Structure formats: C-alpha cells, structure tokens
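One structure below.
The values are calculated or read from the model by the stated rules, or taken from the named source; none is laboratory data. Computed from a predicted structure; not experimentally measured. Note: ideal-geometry Cβ built from the backbone for every residue, glycine included; neighbour counts use all protein chains shown.
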Amino acid sequence: MASDQDRLNRYLNEAHATEQALVTTLSAHIAMTPRGPYRQLLERHLRETRGHAAAISARLSALGASAGVVSATLGLAETVVGQLLTLAKAPLDMLRGNGGEEKLLKNAKDECATEALEIATYDALEALAEAVDDTETAKLARSHRADEERMLAALRELIPTLTNATVAARAGGEPSYDVTTTGAADALRGAAEQAPELPIEGYDRLNAGQVVARLSDLGQDELATVLAYERANRNRRTIVERGQALTASEPWAGYDEADVAEILSRLDEAIAGSVRDYESRHRRRVSVLEAAQRELSR
C-alpha cells in the first residue's frame with residue numbers, strides 16, 4: 001500500500017504534469033490568437049501556469065521528491081481532458097473549425113475543460129494535504145486553484161463574444177479574425193526587427209553554396225555576424241565549417257577595413273607572410289598577394 005506521503009507526491013506530480021502540458025497548449029493557442037482581450041487573457045494565464053509549474057517543482061524538492069514525468073504523464077493520460085493536453089495539439093489546433101473565429105471558440109471551450117480539470121486536481125491535492133497535516137502544500141493548492149477559477153470565469157465571459165464572432169463570420173459579415181495580428185505573426189515581426197543586418201545581401205534567399213562563395217569576401221567582424229546568424233537559424237554545416245576555416249586574426253587591427261593602397265604602404269618583410277596567408281584565404285587581391293610575395297623573396 002502506498003503511504004500518505006507517496007500519494008501526496010503523486011498528486012503533486014500529476015498537478016505538475018498538467019501545468020507543464022498546459023504551457024504547451026497555451027503557447028500554441030496564443031500563436032493563433034489575434035491581439036485583443038482573449039489573447040491578453042491567455043498570455044496572463046501562461047505566465048501564471050509557468051509559475052505554478054515552478055512552485056510545484058520547488059514543493060516537491062522541499063519534500064525530498066522530484067517531478068516524475070513519466071508516471072505523472074501516464075496518470076494524466078487516464079483522463080479525457082488529460083489526453084487532449086498530452087497530445088501535440090498545435091498542428092491539430094491549426095486545422096480545427098471552418099474559420100479563424102471558430103478555431104478560437106473551440107480553443108476557448110477546450111480551455112474551459114482544462115481549467116475544470118485543474119480545479120478538481122487542486123481540490124484533491126488540498127484535501128489530501130490537509131488530511132496529512134501538510135499546510136504548505138494545502139496553501140499552494142488553494143492559491144493555484146484560485147488562479148484556475150479566475151481563468152475559467154474569464155473564459156466563460158468571453159465565450160458569448162467568440163460565439164457571436166463565429167456566427168457573424170459564417171453569415172457573410174465582416175470577418176473579425178486577422179491572421180496578421182496573431183501571436184505567431186507578432187513573433188515573426190519581432191524576430192525580423194531584432195535580426196542583425198547581414199553583410200551578404202539577400203542572405204536568407206541564398207543556398208549554402210552561394211553563401212559559401214561569398215564568405216571569403218568578408219572581414220572578421222562580418223564573418224562573425226554571419227556565423228552567429230547561421231548557427232542560430234538554419235545551422236548549415238557547409239557554411240559553418242567554411243566560416244570557421246576563414247576565422248583568423250587580421251595581420252593588424254583594422255586590416256579588413258583598409259584599402260589596397262594603405263595595405264601596400266604598411267607592408268614590410270615582418271608582416272608579409274601573415275598578409276599573404278590571410279589575403280590568400282580571404283579577398284585574394286592580386287596586387288596585395290604579389291607585393292607580399294616580393295617582400296618575402298628579398
């Protein structure tokens with residue numbers, strides 16, 4: 001027979017698994033929800049849900065336990081709503097309904113069911129915690145349940161508005177769903193605004209071979225920018241490997257910005273070898289290579 005403490009740990013793990021799964025679901029729903037009251041509600045509850053998961057994990061640690069992902073997820077999957085949560089919902093959600101308005105309504109209805117499951121989960125957790133005199137866990141359960149109850153009430157208030165928008169769209173009225181204002185669209189715009197200015201024009205339209213052919217024309221700072229961008233995005237091996245091979249110290253600070261005349265004026269026997277090696281791997285300017293070789297041949 002499981003001890004009371006084992007049972008309490010299991011209830012905490014199930015609550016943790018539910019919160020973790022809901023983070024994924026809410027993130028998917030935010031991505032397809034336009035700016036407005038509904039998305040603000042989802043974003044607020046996503047922050048709360050992440051906080052709930054972290055608090056439960058901390059409570060488990062304080063009790064000398066840890067989040068048992070496998071067992072908790074199996075327990076969660078025994079419920080109908082739990083099955084919805086533990087599935088990879090994002091691809092399915094994007095296909096639901098006949099229009100954006102109906103997708104949002106169906107999402108909100110699913111979220112209501114999820115909130116009801118969480119409320120019941122915290123009811124059970126609070127009751128068990130009180131039965132075993134664990135006041136801290138009981139307090140945590142009450143606090144989290146209050147957030148879930150507030151979310152459920154807010155969702156229910158929104159459902160008539162979402163339903164009316166669905167009816168209006170089906171009746172041929174002006175659609176209220178604007179895909180350009182969804183969370184996913186906003187995220188893409190934000191990423192584009194933060195993207196670095198790349199030294200290769202039209203970089204994202206070029207294939208790997210075309211990028212590689214242009215890398216040797218870049219200075220070290222430009223090369224570092226391209227490498228960082230490539231690693232953070234497509235991470236194409238041929239580009240990264242060629243970029244790494246070209247990464248080297250300039251013959252002197254500012255070499256890459258110097259024109260041919262300045263390089264020739266500074267060239268002497270002491271630096272001719274480094275200039276020749278660096279130039280031969282990068283811009284390969286004939287006049288610079290020939291001058292460097294003459295210095296070395298003296």
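Checking LEU155, LEU84 one by one, the residue that is at pLDDT 95 or above, of a type in the set (A, V, I, L, M, F, W, C) and surrounded by 15 or more Cβ atoms within 10 Å (Cβ to Cβ) is LEU155 and no other. Any residue in the range 265-272 that is surrounded by 15 or more Cβ atoms within 10 Å (Cβ to Cβ) and closer than 27 Å to LEU198 by Cα? No, because not a single residue in the range 265-272 is surrounded by 15 or more Cβ atoms within 10 Å (Cβ to Cβ) and closer than 27 Å to LEU198 by Cα. With GLU257, GLU290 as the choices, which residue is under 18 Å from LEU215 (Cα atoms) and not hydroxyl-bearing (Ser, Thr, Tyr)? Matching residue, one of GLU257, GLU290: GLU257.
Answer with yes or no whether GLN5 is in a helix (DSSP H, G or I) and touching a residue at least 60 places away in the same chain (Cβ under 8 Å). When the stated conditions are applied, GLN5 passes them.
On the given criteria, is ARG266 closer than 30 Å to ARG205 by Cβ, charged (D, E, K, R) and in the same structural domain as ASP204 (by TED's automatic domain parsing)? For ARG266, the condition - closer than 30 Å to ARG205 by Cβ, charged (D, E, K, R) and in the same structural domain as ASP204 (by TED's automatic domain parsing) - is not met. The residues of the range 111-133 that are in contact (Cβ under 8 Å) with a residue 60 or more places away in the chain and within 19 Å of GLN40 (Cβ to Cβ), listed by number, are GLU111, THR114.
Residues considered: THR114, THR137. Of these, the only one that is surrounded by 15 or more Cβ atoms within 10 Å (Cβ to Cβ) and either outside the structural domain of LEU41 (by TED's automatic domain parsing) or modelled with pLDDT under 95 (or both) is THR114.
Exactly one residue out of GLU43, GLU14 is part of a helix (DSSP H, G or I), over 19 Å from the mean Cα position of the chain (by Cα) and in contact (Cβ under 8 Å) with a residue 12 or more places away in the chain, and it is GLU14.
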